[in-house]
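Heads up, the thing below is written out as structure tokens.
The values are calculated or read from the model by the stated rules, or taken from the named source; none is laboratory data. Remember, it's a predicted structure, so these values are computed and weren't measured experimentally. Every residue, glycine among them, receives a Cβ derived from its backbone with ideal geometry; neighbour counts consider all protein chains shown. Surface accessibility is based on the protein's heavy atoms, side chains included, excluding ligands, DNA and RNA. Shrake-Rupley method; radii C 1.70, N 1.55, O 1.52, S 1.80 Å.
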Amino acid sequence: MRIPALATALGLVLASPAVAQTIAPILTTPDAHDPHSYARPAEARVTHVALDLAADFDTHVIRGIATLDILAAPGAKQVVLDDNGLKIVNITDAAGKPLPYLVGAVDKIHGAPLTVTLNGAKTIRIAYASSPDAKALQWLTPAQTAGKTQPFLFSQGEAILNRSWIPTQDSPGIRQTWEAKIAVPKQLTAVMSGLATGKPACVADRCTFQYKMDKPVAPYLIALAVGDIAFKSTGPRTGIWAEPATLPKAAYEFGELEKFVAAAEGLYGPYRWGRYDVLVLPPSFPFGGMENPTLTFATPTAIAGDRSLVSLIAHELAHSWSGNLVTNATWDDFWLNEGFTSYFENRIMEALYGKRRADMEADLAWTDMLAAVKDAGGPAAKDTQLHLDLDASRDPDDGMTQIAYDKGAAFLRTIEKQVGRARWDAYLRSYFDRHAFQPQTSAGFLADLKSKLLTPAEAKTIGVDAWVYSPGIPANAVHVTSAAFPAVDAAAKAYAAGGPVSGVPGKATTQEITRFITQLPRKLPTERLKALDTAFGWNTTGNAEIRFAWLQLALANHYAPADASAEQFLTSQGRRKFVAPLFQQMMDSGDWGHKLAMDIYGKARPGYHAVTQVTVDRITGWKLMN
Ligand code: BES
Ligand code: ZN
């Protein structure tokens, strides 16, 4: 059975006008079908999730009740949810009457369908517990935190992990409002990706926190963190959460949040989520950042001490429009989230820090893009398309490369160049307004672009369809070139040719230093490396981007002091973007590198998040060896 697409798209089906306002439309076109979810939203869909949960740090389990509001088409008898390893205790209707349910066959990537027979129910109540190895959850021991005295828990939903702790329809095109009560040990604080509703209520040794998201969001954006965390305000609608040991540094580094929000609003319209706070996680957080609404999750490796890595904040904040307001309907169109966000990020950086800084970052991203094309297998490789063809057999994570980010941003710059910034900015602002709180596909964006911005001739000149559906980097791609880099590149050349260390821009900006290091030839004599290390201390620098660039070079040269530096760096943080390429570098460096990789990974692996473990297991062949 199908609901007529138009009525569904309007969100009006079966809903009274009052209810319809909060129920987000779904897309029913074939390109919006999500092969990574078992849900059949045209038959029955979840519109609201109410969680009443407790976090058990002894057993590493979250347990409690999820109450789901279901919007079912006439005659629909069942609702299909996504489940990955949940222990279902029972399922009832609102009155407590048991409802029949079935957990289907388990797939390694997607988990299993959880089919509930509705018997007319509009609300279902699921009593359940997560598994101790739930993929979305990382339970940290006190030793893995900065403070060393309390455990920590955080969730990571994107792309398809939230089904391991929330029984719902885990597809980015099925938006849901939510509310949650979460009980935690009383010495800990729980934060979520929504607004706090009231003060925590404490009874005996537990406190219960309450949060709520009254705007429909994609379910991967429901997020939780629990730990010994404290808050420092940075302005009327912004602030920083972090462990007390990290809070002062974090609050300085990200102290300009108000300005970021204002700059973003100046570009593309009002910030619609109320608060914008940043939670700095313990160092095992596997990503740079995650755009959880109202509360960006961020790696502590972005704290350089000099605010030089704050483009990460610009990025996650930009997702408040691209990704969280207008959301990829399926993971095939991940670039609609990340490409738009990378473009927007760079515009925020330009507005706040000027063109010189923004251009350096854009130019570094260009280099990353070319490397990503190479990694994907060259310009003819399918995975270099913006629109991906992930079928159900592929983990969406495998398709999520820098291509979506950097080719995506280059595409939008190419459109901007064609039509001029004024026209482009006005269009993009209206695009976010017109599609707010809705899913989007590549085809939907291209249709919108052609009807609202581009003339047919302009669309043809740009080649918009080839940009989205063909591999490689189109010849008209706008490459932002930094005015600062020619001097840096010349310095790298001179140093490689034997020039003095005094010619090295070793005290320049983070972006120039990163550029300098990556421009050096991959083979350098030991004494040349040693001279750099002595002069600038890159082997021990606390700036993670510089340390990372340096270690790639140093490991490629078997530079002996890098062994201990690599071990320290790789055992003290678990950000996959840094960790994976360094292990790859070692694995590519013969017996010496292989042994070093295995030594270090043995020590580092227990501290890594599952997301990082899976990637590095593959790189090192860990599962085969152990
Ligand atoms: N949404 C992503 C993180 C993500 C991507 C999580 C795919 C799971 C699957 C986030 O916005 C992001 O892009 N983070 C970047 C940092 C950013 C500054 C480019 C990262 O983690 O490296
Ligand atoms: Zn992003």
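Local charge sum around Ala560 (other residues, Cβ-Cβ under 13 Å, Lys/Arg +1, Asp/Glu -1)?
Working: positive: Lys530; negative: Glu527, Asp533, Asp563, Glu567.
Summing Lys and Arg as +1 and Asp and Glu as -1 gives -3.
Which ³J(HN,Hα) values in Hz, rounded to whole numbers, follow from the phi angles of the range 410-423 under the Karplus curve 6.51 cos²θ - 1.76 cosθ + 1.60, where θ = phi - 60° and Gly and Pro get x?
Each residue's phi maps through the Karplus curve to give 5, 4, 5, 5, 5, 5, 4, 5, 5, 9, x, 5, 5, 5 Hz.
If you put +1 on each Lys and Arg Cβ and -1 on each Asp and Glu Cβ, how big is the dipole of the range 276-383 around its Cα centre, in Debye rounded to 20?
The dipole magnitude comes to about 220 debye.
Picking from Gln418, Ala436, Ala404, whose Cα lies most toward the positive end of the charge dipole for the range 391-458 (charges on Cβ: Lys, Arg +1; Asp, Glu -1)?
Gln418
Within 9 Å, Cβ to Cβ, of Leu295, how many net charges do the neighbouring residues add up to if Lys/Arg are +1 and Asp/Glu are -1?
Overall, the nearby charge balance is 0.
Helix-only estimate, please: 222 nm mean residue ellipticity of the chain, summing -39500 (n - 2.57) across DSSP H runs of length 4 or more and dividing by its residues, to the nearest 500.
Working: 22 runs with 231 residues, N = 626.
So the helix-based figure for the chain works out to -11000 deg cm²/dmol.
Determine the relative contact order of the range 215-317: mean sequence separation of Cα pairs under 8 Å and six or more apart, normalised by residue count, in whole percent. Mind showing how you got there, number by number?
On the way: 161 pairs, mean separation 24.9, N = 103.
Once normalised by length, the contact order is 24 percent.
Charges only on Cβ, +1 for Lys and Arg, -1 for Asp and Glu: so what's the dipole of the chain about the Cα centre, in debye to the nearest 20?
The dipole of the chain has a size of about 600 debye.
Within 15 Å, Cβ to Cβ, of Ala251, how many net charges do the neighbouring residues add up to if Lys/Arg are +1 and Asp/Glu are -1?
On the way: positive: Lys232, Lys249, Lys259, Arg307; negative: Glu243, Glu253, Glu256, Glu258, Asp277, Asp306.
That sum, taken over residues with Cβ under 15 Å, equals -2.
Just read off the accessible area of Arg63 with the full protein assembly in place, 1.4 Å probe, to the nearest 10 Å².
100 Å²
Given +1 on the Cβ of Lys and Arg, -1 on the Cβ of Asp and Glu, and no further charges, what dipole in debye does the range 204-361 carry about its Cα centre, rounded to the nearest 20?
Around 400 debye, computed over the range 204-361.
What whole-number value in Å² describes the accessible area per residue of the chain for a 1.4 Å probe?
Per residue, the chain has an accessible area of 38 Å².
Along the charge dipole of the chain, which of Pro142, Leu247, Trp467 sits closest to the positive end, that is, farthest toward it, with unit charges on the beta carbon of Lys, Arg, Asp and Glu (+1, +1, -1, -1)?
Leu247
Based on the mean of other Cβ atoms within 10 Å per residue, sort peptides 449-461, 227-239, 473-485, 574-586 so the most packed one is first.
Numbers: 449-461: 13.4, 227-239: 17.5, 473-485: 15.9, 574-586: 21.8.
So the order, starting with the most tightly packed, is 574-586, 227-239, 473-485, 449-461.
Specify the inter-centroid distance of the range 24-72 and the range 326-394, based on alpha-carbon positions, in whole Å.
Cα centroid of the range 24-72 versus Cα centroid of the range 326-394: 28 Å apart.
If the limit is 27 Å between Cα atoms, which of Lys382/Lys577; Lys77/Lys97; Lys87/Lys181; Lys181/Lys259; Lys212/Lys452 go over it?
Flagged as over cut-off: Lys181/Lys259; Lys212/Lys452.
Over the range 540-626, what relative contact order in percent results from Cα pairs under 8 Å that are six or more residues apart?
The normalised contact order for the range 540-626 reaches 29 percent.
Mind checking which of Ala73, Ala94, Ala55 is farthest towards the positive end of the range 48-100's charge dipole, using Cβ charges of +1 (Lys, Arg) and -1 (Asp, Glu) about the Cα centre?
Checked the options; the winner is Ala73.
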